[in-house]
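Just below is one structure, and these are the notes that go with it.
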Amino acid sequence: ETLEDMLRTRLPHEEFADAMRVMQGSNMGAAVRTLDVPAEVTAAADVGDFDLKAYQFLGAREQMRHDRVTRLGLVQNKIVLPTDAPVEDQREALWKRCCEMIDAAGAAGVNVLCLQEAWTMPFGFCTREKYPWVEFAEPAEDGPTTRLMQRKARQWNMVIVSPILERDERHGGTVWNTAVVVSNNGRYLGKHRKNHIPRVGDFNESTYYMEGNTGHPVFETAFGKIAINICYGRHHPLNWQAFGLNGAEIVFNPSATVGGLSEPMWSVEGRNAAIANNYYVASINRVGTEHFPNKFTSGDGGEAHNDFGHFYGSSYVAGPDASRTPSLSRSRDGLMVCDVNLGLCRQVKDKWGFQMTARYDMYAEFFRKFTDMNYEPQVIRDPSLGDSEEDFNF
């Protein structure tokens, strides 16, 4: 199920607690604490057969600022129908399944909820086939999925981040990988398009859409300033940093990534970003193995296959103080509910001074030079090395 579950069954209680302290840090002197949720939410998880976990991050009490606590919801899920089922049926089945977890989140009092990358469809971008996958694309502002999320946002007084495949009809019907933000009052608040597009393994996404053009927007909501770093953007530290410099307090990372490619990186990158930028990171990954009708290759000489591999879920939240929650399941649909004390962001900034000690002017000058066609790397070579590799003599 999860690494935590594996260790819990194999270690004595005290050793397990010590291992978690080392692996997952501490928040206000202890492991990230569990959070009680209403019995009806637990019952919904049992009936709906989805993993439910709930945690809370604390901050220090201050004299001049009141606590600002936001309750997050993270939803991870498998596809419901086979990938060769009619497009409309597949999408409606996913709407139904995910609304079960959205409703559970609403009953748990979640303020801001984020779904996984391209949640209304299979992740068919491995196939290089345009159809039927581009038929899942829809307008961000007023498409059917956005209208559904607007109804759910009004129902539960909840901000919803809905990552979809966007069809931009105003600009020639161009397709984008986009996260739509719906305010808690049900209004369309805005969107962010994926900044970095992978070309690695089976992730052939540039066949369908290119790098986004929306910059690094931060959405100021009733429950805090949020941003969305979609999937592959998590591999780019400057992408994370730009959201922080624009004032984000919570950055969601809706993703679709498989075990053979990225699992060792998964628990590290979101946590590193939270530490370096003094905000919360909510990392969300889809679940399951999706099989496609036609075989495809990875372009590496290997045999053709019908699936990406296993999407390993393992969604979690990382805090600015280097602590993190345990993960959701590697194999089951799941909902994580998590209280985050937004005051902790500034408290950690004040303690570590990363922004104060940064050298933005020096970095800006370096990148100005680096982007020049005539850039020369700043390398100081030991004269004793000679003029070529043949002169090395160990």
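The values are calculated or read from the model by the stated rules, or taken from the named source; none is laboratory data. Model, not experiment: these values are computed from the prediction. Cβ placement follows ideal geometry from the backbone for every residue including glycine, while neighbour counts extend to all protein chains displayed. Just so you know, the surface numbers come from the protein's heavy atoms only, side chains and all, with ligands and any DNA or RNA stripped out. Shrake-Rupley method; radii C 1.70, N 1.55, O 1.52, S 1.80 Å.
For LYS351, the aspartates and glutamates whose Cα comes closer than 17 Å to its Cα, not counting residues fewer than 8 places off in the same chain, are GLU62, GLU249, ASP321. Only the Cβ atoms of Lys and Arg (+1) and of Asp and Glu (-1) were treated as charged; on that basis the dipole of the stretch 184-299 about its Cα centre amounts to roughly 180 debye. Taking the chain as a Gaussian network of alpha-carbon nodes connected by springs under 10 Å, the highest mean-square fluctuation of the residues PHE243, PHE308, PHE296 belongs to PHE296. Across the options LEU3, TYR55, PRO163, the greatest Cα extent toward the positive end of the charge dipole of the chain (unit charges at beta carbon of Lys, Arg, Asp, Glu) belongs to TYR55. Accessible surface ranking for GLU263, GLU303, GLU1, 1.4 angstrom probe, highest first: GLU303, GLU1, GLU263. Per-residue extension of 0.36 nm, minus the Cα-Cα distance of VAL200 and THR174, leaves a gain of 7.1 nm for this segment. Could you quote the convex hull projected area for the stretch 89-176, Cα atoms only and averaged over all directions, in nm²? For the stretch 89-176, the mean projected area of the Cα convex hull comes to 5.9 nm². Inter-label distance, THR207 to SER26: 5.1 nm, where each label sits 7 Å from its Cα along the C-beta direction. Taking LYS194, LYS225 and ordering them by how much accessible surface each has at a 1.4 Å probe, largest first, produces LYS225, LYS194. Our note on the geometry: Cα centres of the stretch 175-243 and the stretch 314-393, 19 Å apart.
Taking a sphere under 13 Å around the Cβ of PRO82 and counting the other residues whose Cβ falls inside, with K and R at +1 and D and E at -1, yields a net charge of -3. Counting only heavy atoms of the protein chains and using a 1.4 Å probe, LYS96 has close to 140 Å² of accessible surface. When the Cα centres of the stretch 55-96 and the stretch 260-278 are compared, how far apart do they sit, in Å? One Cα centre to the other: 19 Å.
Give me the orientation-averaged projected area of the Cα convex hull of the chain, in nm², one decimal.
Working: hull surface 100.4 nm².
Averaging across all directions leaves 25.1 nm² for the Cα convex hull.
Just how much of TYR188 is accessible, in Å², when a 1.4 Å probe is used and the result is rounded to the nearest 10? About 70 Å², rounded to the nearest 10.
Label reach from ARG68 (point 7 Å along Cα→C-beta): in the stretch 235-250, amide nitrogens under 20 Å belong to 241-250.
Each Lys and Arg adds +1 at its Cβ and each Asp and Glu adds -1 at its Cβ; summed about the Cα centre, the stretch 311-393 shows a dipole of about 820 debye.
If the chain linking GLU220 and ALA60 were pulled fully straight, counting 0.36 nm for each residue of separation and taking away their Cα-Cα distance, it would gain 55.2 nm. Evaluate E = 1/(1 + (r/R0)^6) for THR371 and ALA39, where r is the Cβ-Cβ distance and R0 equals 51 Å; express this FRET efficiency to the nearest 0.05. My answer for the efficiency is 0.35.
Springs join every pair of Cα atoms under 10 Å in this Gaussian network model of the chain, and among ALA43, ALA282, ALA104 the largest mean-square fluctuation is at ALA43. Under a crude label model (7 Å from the Cα following the beta-carbon direction), how far is GLU15 from LYS351 in nanometres? It works out to 3.0 nm between the two label points. Across the chain, C-alpha contacts under 8 Å between residues 6 or more apart give a mean separation that, scaled by the residue count, equals a relative contact order of 20 percent. ASP168 contributes about 10 Å² of solvent-accessible surface, heavy atoms of the protein only, 1.4 Å probe. What shape does the stretch 171-294 take by its C-alpha gyration tensor, where a ≥ b ≥ c are the square roots of the eigenvalues and a/c under 1.5 counts as rounded, a/b above b/c as prolate, and the rest as oblate? Judged from the Cα gyration tensor, the stretch 171-294 comes out oblate (a/c at least 1.5, b/c at or above a/b). When the chain is modelled as a GNM with alpha-carbon springs shorter than 10 Å, which of GLU14, GLU249, GLU269 fluctuates the most? Per the Cα network of the chain with a 10 Å cutoff, GLU14 tops the list. Ranking GLU129, GLU365 by solvent-accessible area of protein heavy atoms (1.4 Å probe, all protein chains present), from largest to smallest, gives GLU365, GLU129.
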